[in-house]
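Worksheet: the structure to be examined is printed underneath.
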Amino acid sequence: MHSLRQKASEWSGIDTADAFAIDDTNLFHKLGLQTFINLSPIFTPGIFCSFSNGVYNDEEEWFRSIFANSKKEEAIQNLYEFFVERMGGPTLYSVRKGDPALTGRHRPFPVTHQAAERWLHHMEKALESTPYIDADSKLKMMKFFRHTAFFLVAGDELKNQNQRVP
């Protein structure tokens, strides 16, 4: 049986080492605090508002329905804090919510291949519209997000397999 990371690499087309290249460069320090303040919807419309607006207003009803029971403001805060922490900044998410435990936190949602691709579509659009992040950093971020999205798909498939076992 493949590990979740192996499945994520296979399905995303991103090698684990490339996905976690964000750990080789502290993007929080590289890009600076101001960049992350600019990303925050608390201070500006920011990438997370752009991303969340895309997700919550998606043209596909099946995709919007995944987020129907989630509060948009809380989702933006969670994404922002997780992003800052994962890119090398302060542990905002962990302090407020505990271990990210992504597969567990996404357990209630149907994280399919199609849903992952749609989520990534919105994230890529949001990153592309962000002029204050250099191309190399955007590439590293997208590789991480792509691998992570398919890690969650693998976790969802494992959850579904376990539910079918008598």
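The values are calculated or read from the model by the stated rules, or taken from the named source; none is laboratory data. These numbers were taken from a predicted model, which means no experiment stands behind them. Backbone-built Cβ (ideal geometry, glycine too); neighbour counts: all protein chains shown. For accessibility, only protein heavy atoms count, side chains too; no ligands or nucleic acids. Shrake-Rupley method; radii C 1.70, N 1.55, O 1.52, S 1.80 Å.
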| field | In the range 131-151, the residues that are in contact (Cβ under 8 Å) with a residue 60 or more places away in the chain and crowded, with 16+ Cβ neighbours inside 10 Å | value | I133, S137, K140, M141, K143, F144, R146, H147, T148, A149, F150, F151
| field | Of all residues making up the range 77-115, the number that are in a helix (DSSP H, G or I), open to solvent by less than 50 Å² (accessible area, probe 1.4 Å) and free of Cβ contacts under 8 Å to residues at least 40 places away in the same chain | value | 8
| Boolean, D156 is of a type in the set (D, E), open to solvent by less than 20 Å² (accessible area, probe 1.4 Å) and either out of contact with any helix residue (DSSP H, G or I) (no Cβ under 8 Å at 6 or more places or on another chain) or at negative phi (or both) | yes
| said: Any residue in the range 1-22 that is farther than 13 Å from A149 by Cα sitting within a Cβ distance under 8 Å of a residue that is outside any helix (DSSP H, G or I) and open to solvent by less than 90 Å² (accessible area, probe 1.4 Å)? List the pairs, counting only those 6 or more apart or interchain. | reply: I22/M87; I22/G88
